[in-house]
Structure formats: structure tokens, C-alpha cells
Amino acid sequence: MSGGLRSLLISVDARIGWGRVGFLLSLAIITIAGIVLYRMLREINFEDVIDAVEAVEKHDVVKAAMFVAAGYFTLTFYDLFALRTIGRPDIPYRIAALAGFTSYAVGHNVGASAFTGGAVRYRIYSRHGLTAIDVAKVCFIAGLTFWLGNATVLGLGVAYTPQAASAIDQMPAWLNRILAFGVIGMLATYVVWVWRTPRVVGRHNWVVTLPNGPLTLVQIAVGIVDLACCAAAMYMLVPDEPYIGFVTVAVIFVASTLLGFASHSPGGLGVFDAAMLVALWQFDTEDLLAGLLLFRLLYYLVPFAISLAILGGRELWFSFTAAPPAGGRSGGPHDKSS
């Protein structure tokens, strides 16, 4: 990093603070999305939208639901992989699946998923001997899996069809392709970096050994499968005409999801939808809006309701059985990363 850039970053942190910068960026994204949605939907007849929802083929809805289920199943391996990475193979898959599913279902809907999902994970894992630091490590590795998967899908997808990214960022296709190859290059560099020797991040009592090269490829594969399932669910719900290829829809879907994530609005509400409506302008607005509403129902609301029922039932069970927590512990014979 050049001295000038370093000085600029330090100056911004001292005068404004990166927390405020992030807040202002989120506010700007939400504001722009709100304006876009207002302009696109102000003349929409919502009775036509309801008719469009009812017109969606039932078998497409069933297929979308199956892809959503497959996506959430894949999410459970984020936690299982993270637990193995921090040296806790004693935690069984059923507990990792419970924590992974409920934390993501709650985090997706409430927003600020790093905190809300982390709180759900801690409530579950603390009964099995994990401390807040252990849970933070799990969240870090799971987040790394998420970002590696997103970077891979976007890098390969935009390199293949840069026009899809242009529909989102309004930049020339040739520039998007160059940026995509840059992302792929950085991913390859990271894989080589962790392949050569064990890499450790953190300090003091918060230290994590990053997955090695082969395990990083597993991370990337898990992330790709997760995103592919989610994109396939959305693809089942967009209109059939005019025809748009799966890769194009997938790139637009992932980019729109990341914009929603950056906004920190619950479920990317408004931001994700505005990006999809703008990028997929070829579709009839009412028909596309119907698909987005069904996707929200299947991917956000239904899993959220199921996760709340599971968590509520779990709390009731423990309140009646009065089972004491296992007690937090950090390190020990299982913890190889601290």
C-alpha cells in the first residue's frame, strides 16, 4: 500500500470513522433503492401483481422450494466446516445444522446478520462448550466461506457474461470482464498463499488458522453450491419470456444480493428488489415482481418461521428439563487454532 493511500485511510478514520462511513454508505444504498422502487412501481396495479403470482406455474414454485431447501442444507456445512477448522470435531453435525440453519434464517430476515446470526449461534453452541471467542471464530470462517463463494461465482460469471454485471453497475462490459479476471486472479493468489504454509490471522486469544489449500477449495465449492441453489430458485420464478440464460440471472442475483447485504436492511429489502428490477428490465414488471415476492416467501419468510418455531421449542424444552449448559471453555484438547 502506498504511503499516500495509507495516509488517506488514516485521515478518513480519524476525521470521520469507518463506522460512520459504513453507515452513510448503507443509507445511500437504501435511499437510492427507495427512489428507484418508487419510480418503477408508482404506476403498478397490484391487482395485476396478484394475478401474476397466481399465474406462476405450481411446478416452478415447487422446484424453487426444493432449491431453497437444498441451499439451506448447504448452509449447514458452513458451520460444520468452521467447527472442524477451529478444532472442534466433537460437535456433531445435527448441532452444526441447527446453528447454521437458524442463524442464517434469522440473520437474513432481521438484518445485521453478523450480530443477529452470531447471537443465535452463541445460544446454541454455548451449551456444547463453545465460548464467545469460539463462536466468533465460527462466524469468521463461515463468513470467509460465504465471501470466497461469492467472489468465485461473480468472477467466473462476469468473465463469461460481463453484460450481466453491466446491468447492475452500468460500466462497460469490457471493463467488467477485466475486473472479473482481477477477482479470479486474487482468488488464485489466495489459494496459493494458504497452500504453501499454514496461515494464521488474529492476535492474543483470538487466533484462527486459515484452511489450507485443499480445504479452501472445499470452502469455495460449498459456497458455489449454496449460491447456485439460491440462484436456481430465483431462476424458477422469473418469467419464461423473454428467455434469459441461467448464468446471466445468477450473476444479477448474486450482485443484487451483495448490494442488499451491504445495505444492512433486513433481507436486503428494497435494495435487492430494486437491483433485480433494474437489471432484468426485459421482463414485464408485474411478472418479475411476482417472482420476487414468491422468492421472498420461500427463501426468507418460511425458513424464518420454521427457525423461530425450532428455537422457541428448544427453549421451552430446556426450560422444562432444566438441562444446564455444558459451560463455556476456550482452547482445550480440541482447539488447535488458539
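Coordinate-derived values only; no laboratory data. None of these values were measured; they are calculated from a predicted model. Here Cβ is always computed from backbone atoms with ideal geometry, including for glycine, and neighbour counts include all displayed protein chains.
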field: Sites residue 308 and residue 163 - FRET efficiency at Förster radius 56 Å, r taken between beta-carbons, to 0.05
entry: 0.90
field: ³J(HN,Hα) computed for each position of the stretch 166-177 - Karplus, 6.51 cos²θ - 1.76 cosθ + 1.60, integer Hz, glycine/proline x
entry: 4, 5, 8, 9, 6, 9, x, 4, 5, 6, 4, 5
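For 277, 75, what's the fewest-to-most ordering of other Cβ within 10 Å of each Cβ?
Working: 277 20, 75 24.
Sorted ascending by nearby Cβ count, the order is 277, 75.
Expressed as a whole percent, how much of the Cα-Cα distance distribution for the stretch 55-321 exceeds 33 Å?
Working: 8115 of 35511 pairs.
Beyond 33 Å sits 23 percent of the P(r) for the stretch 55-321.
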- prompt: If you plug each phi of the stretch 277-288 into the Karplus form 6.51 cos²θ - 1.76 cosθ + 1.60 with θ = phi - 60°, what whole-Hz ³J(HN,Hα) values come out, in order, with x for Gly and Pro?
  reply: 5, 6, 6, 9, 5, 5, 7, 4, 4, 4, 5, 5
task: Mind checking the full-extension length gain between residue 241 and residue 46? Use 0.36 nm per residue of separation minus the Cα-Cα distance, one decimal, nm.
output: 68.1 nm
field: Exposure proxy order (Cβ contacts within 10 Å, fewest to most) of 93, 78, 299
entry: 93, 299, 78
- request: Could you list 181, 320 in order of exposure, starting from the residue whose Cβ has the fewest other Cβ atoms within 10 Å?
  value: 320, 181
